[in-house]
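What follows is a set of notes on a single structure, which appears directly below.
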Amino acid sequence: MNSTLRHFTEEKLSELISVSRFRAPATAWIKEAHILNLYTGEWSKQNVVLFEDRIAYVGEKEPLTDANTQIIEAQGYTLVPGYIEPHAHSFHMYNPRSLGEYALARGTTTILHDNISFFLQLQQHEFEGLIEALEGMPVKNFWWARLDPNVREKEMQRQFTVDRVRRMLRNPSVLQAGELTYWKEAINGDPSMIARMREARLAGKRIETHNPGASVETLNAVAAAGATGCHESITAEEVMRRLRLGYYATLRHSSIRPDLGELIKGLLNTGCRYWDRMMLTTDGSPPFFLAEGFTDACIRIAIDAGLDPVDAYRMASLNPAVYYGLDQDLGGISPGRIADIVFLEDLRNPTPVKVMANGRIAAERGMLTASFPEVEWSRYGIGPLAVMDPCVQPEWFEVYCAEDKIPVIELVNAVITHNRLERLTVIDGKVRLTDSPGYVYVSLLDRRGEWITVGVMKGFGEVDALASTYSLTGDLIVLGRDPVQMARAANHVLAGQGGICVVHQGDMRFDLSLPLLGTMSLLDMDALIAETSRLLELLRESGFGFADPIYSLEFLSSTHLPKVRLTSQGVININNGEILIPSRPLR
C-alpha cells in the first residue's frame, strides 16, 4: 500500500477532523481558489484547507492559522485533482522513477504500473522490496499483476503458478490483474488460467483485458470470465460495445494508436452523453512520443476534439479513482482526500503551472521542486542483463533456403506482421539480400547463447545492423543487411549487458545503454526523449515507415499478436502454430 495511505493513523485522523472544525490550525491554506468540482461539474471560489497531506475543509470560511501555516495564494488559478495514469508500462526505456519524475511535473500524481518485466526477472521478495521502495516517492505508485506472460515460452509460463499469482494479487499495492493476453485460454476453460482468474476475483481486483477488434460474443465471454476493463478500443463503436457490456473503456493516445482525438469525435457523433466509465492512458509509449506531455497531453487532445473539459478531467482523475476503489483518497478536491492538486492557468490547457502532491508543492512550470529518493536498483535484483559472452559470429545470421520460396515476415504496421512466400536470391543454399532492397535479415538470439531463430523481414527499412536487448522475452533482437555488422552490433550490446545500437556503413550511428534488465535506462526523461527521437529519425531515414520502431522490436517475439513471430522454436505462424523456419541450436 502507498505510504501516504498506510500512515493515515487514528491520531492523524483526529487532528484532520480538528482542523476541519476550526479547532486546530491548518498546516496549509490555499486561498480563494477557483475549483472545478468533478463530483457535480460546478465551479466555485473557495478556500482549500490542509492538515499535512490531507484536505480538511473546502468552503468559504477561513481556517484557523498559526505561524507555521503555509499560505498559498491561488487567485487566477483553476484547481483540478491530480491526474491518474491507469496503464503504464514503466520499463519502456525509462524506469518507474524517471517516469514518475516526468509525469509528476506534468500533473500526474498517481501511476499504475505493469509488473511483467519485473515479475519475470526478479525473485518475488525482490519485486516486493521494489514495490515498497517506490512507496516513498512523491508520486503514488500502484501495480497490476499479470496472469500470463504475453509469450508462449514454457520457461516464462512456469513462473505463473497459482501460488505466486495469489501472493502478487494479495499485495495491497496491486489494484488490478492483467492485462490478459491469454484470454482465449480463459474462455476455453483452461484450468490453470481459470484458477488464476478466480484468484483475481477472490482478491477483489479489477481485471484488464487485451481484446482489439473483439466481437460482442468474445467480449461477453471474457466479461463472464471476470474482465472489467479494456484499453484496446480502435473505434467509437468498439468503445460503446464495451460500455454496453459493463466494461470500463480506457481510451488511449499512444505511439502505435495515436487516435484519441478520433475516438472522442466518434463518440460525440454517436451522441454519447455518459463518460463516467471511461479513462485516459498513454499506454506505455516510448520516450520520444511523450515529448508533448503525459496525461496532460491526453486531456488536451480530448478537449480539442470537442469533449467538455469537465468530462475530460473526470476521465483523467475521478473515473480511475472510482474504478480502482481509491476515490475515498484520490480523484477529487474534497475533505478527507489526499491533497493532490493541479494548478492551471486555463482549463483548456491541462499542463500545470504548479503541482501539489501529498499536500506539498512538488513542481512549478514543469520543473520538479520535490525530490525523488534514489533507488538502489541492485538491492532488488535489478541490474545488467545476464547474457552470454560477446562471441556472436556473422554466420549465425545466415538464412538457409532449400525450397523455391522462403517465408518473409512483412511488417504491415508498427506491430502487426503478415507471412509472405517470396522468391529471393539464393546462393549455395543461403539467402542473399544484395539485390533485394527493403529486406533485412532478422533474428531472435537467446541471451544465453543456446539457440538462434533467423528469418527475413520486409518493411523495417534498410540498416546494416541493429541489435537490441529490449524484447518481451529478454533475448536479443538483431536485424540488418550485413551479417558482419550484425555480429558487431550484437557483441556490442552483449558486452554492455543491455542496450540498443545501430551500425551503418561501418559507423556506430546510435548507442543507448540499458543497464537495468536490458530494458531500462538510467537517463532522465528529457535525455531519453532526445535519444529515442534521434533513433526514430535515424530509422526513418533508413526506410522505416511506421509510427514506432521500439514497439516493433519489442513485439517481434510477442506471440499474442498476429501473424508471424520469432520464438525459441523458430519463426512461427501464430494463427495455426506452424513453424515456418525452425530455430537452430548454437551449442
Problem set entry | Meets criteria (surrounded by fewer than 24 Cβ atoms within 10 Å (Cβ to Cβ) and closer than 20 Å to I301 by Cβ) for A224 | no
Exercise. How many of the residues making up the stretch 529-561 are out of contact with any Gly (no Cβ under 6 Å at 6 or more places or on another chain) and surrounded by fewer than 16 Cβ atoms within 10 Å (Cβ to Cβ)?
Worked result: 7
For this session: Consider G261 carefully, then state whether it is within 30 Å of I17 (Cβ to Cβ), over 17 Å from the mean Cα position of the chain (by Cα) and at pLDDT 95 or above.
Result: no
For this session: Could you pull out the residue among E199, E217, E262, E208 that is in contact with a Pro (Cβ under 9 Å, 6 or more places away or on another chain) and acidic (D, E)?
Result: E208
For this session: Looking only at the stretch 257-265, decide whether some residue is closer than 26 Å to V222 by Cα, of a type in the set (D, E) and surrounded by 19 or more Cβ atoms within 10 Å (Cβ to Cβ).
Result: no
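Pick out the one residue from M315, M240, M278 that is surrounded by fewer than 24 Cβ atoms within 10 Å (Cβ to Cβ), in contact (Cβ under 8 Å) with a residue 24 or more places away in the chain and assigned by TED's automatic domain parsing to the domain that holds R106. Quick ask: steps written out before the conclusion?
Numbers: M315 fails: surrounded by fewer than 24 Cβ atoms within 10 Å (Cβ to Cβ); M278 fails: surrounded by fewer than 24 Cβ atoms within 10 Å (Cβ to Cβ).
Answer to the check: M240.
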For this session: Take the stretch 541-575 and flag every residue that is aliphatic (A, V, I, L, M), over 16 Å from Y441 (Cα atoms) and within 20 Å of the chain's Cα centre (by Cα).
Result: A547, I550, L561
Exercise. Which one of these does A26 not meet: (1) surrounded by fewer than 23 Cβ atoms within 10 Å (Cβ to Cβ); (2) of a type outside the set (F, W, Y); (3) closer than 16 Å to I361 by Cβ?
Worked result: (1)
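Any residue that is modelled with pLDDT of 95 or more, charged (D, E, K, R), in a helix (DSSP H, G or I) and closer than 27 Å to D548 by Cβ - is there at least one of those in the stretch 94-108?
From the stretch 94-108, those modelled with pLDDT of 95 or more are 94-108; that's our starting set.
The next check asks that each one be charged (D, E, K, R); those that pass are 97, 101, 106.
When the remaining residues are screened for being in a helix (DSSP H, G or I), the result is 97, 101.
Narrowing the set further to residues that are closer than 27 Å to D548 by Cβ leaves 97, 101.
Yes - at least one qualifying residue is present in the stretch 94-108.
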Exercise. Applying the selection to the stretch 397-421, what residues are surrounded by 14 or more Cβ atoms within 10 Å (Cβ to Cβ), over 19 Å from I574 (Cβ atoms) and charged (D, E, K, R)?
Worked result: E398
Seminar exercise, completed: Scanning the stretch 55-94 residue by residue, those under 30 Å from I500 (Cα atoms) and surrounded by fewer than 24 Cβ atoms within 10 Å (Cβ to Cβ) turn out to be H89
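If you scan the stretch 562-580, which residues turn out to be touching a strand residue (DSSP E or B) at 6+ places or on another chain (Cβ under 8 Å), part of a loop (DSSP other than H, G, I, E, B) and not basic (K, R)? Even if it seems obvious, please write down each step before you answer.
At the first step, the residues of the stretch 562-580 found to be touching a strand residue (DSSP E or B) at 6+ places or on another chain (Cβ under 8 Å) are 562-574, 578-580.
From what's left, part of a loop (DSSP other than H, G, I, E, B): 562-563, 567-569, 574, 578.
Result: P562, T567, S568, Q569, I574, E578.
Could you run through the stretch 195-209 and say how many residues are on the phi < 0 side of the Ramachandran plot and surrounded by fewer than 20 Cβ atoms within 10 Å (Cβ to Cβ)? Before you say what the answer is, go through the steps one by one.
The first filter runs over the stretch 195-209 and keeps only residues on the phi < 0 side of the Ramachandran plot, leaving 195-203, 205-209.
After this cut, where a residue has to be surrounded by fewer than 20 Cβ atoms within 10 Å (Cβ to Cβ) as well, the list is 195, 198, 201-203.
Final tally of qualifying residues: 5.
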Seminar exercise, completed: Checked the stretch 411-458 for anything more than 17 Å from L479 (Cα to Cα) and of a type in the set (S, T, Y); matches are T425
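Considering only the stretch 428-520, give the strands (runs of 3 or more DSSP E) lying wholly within it that have at least 3 residues that are under 26 Å from the mean Cα position of the chain (by Cα) and touching a residue at least 24 places away in the same chain (Cβ under 8 Å). I'd like the intermediate steps shown before the answer.
Working: elements: 439-445, 451-458, 465-468, 476-480, 499-504, 507-513.
The strands (runs of 3 or more DSSP E) meeting that bar are 439-445, 465-468, 476-480, 499-504.
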For this session: Scan the stretch 127-144 residue by residue and report those that are of a type in the set (D, E) and either assigned to a loop (DSSP other than H, G, I, E, B) or not assigned by TED's automatic domain parsing to the domain that holds V165 (or both).
Result: E135
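The values are calculated or read from the model by the stated rules, or taken from the named source; none is laboratory data. The model shown is predicted, which means the values in this text are computed figures rather than measured ones. Backbone-built Cβ (ideal geometry, glycine too); neighbour counts: all protein chains shown.
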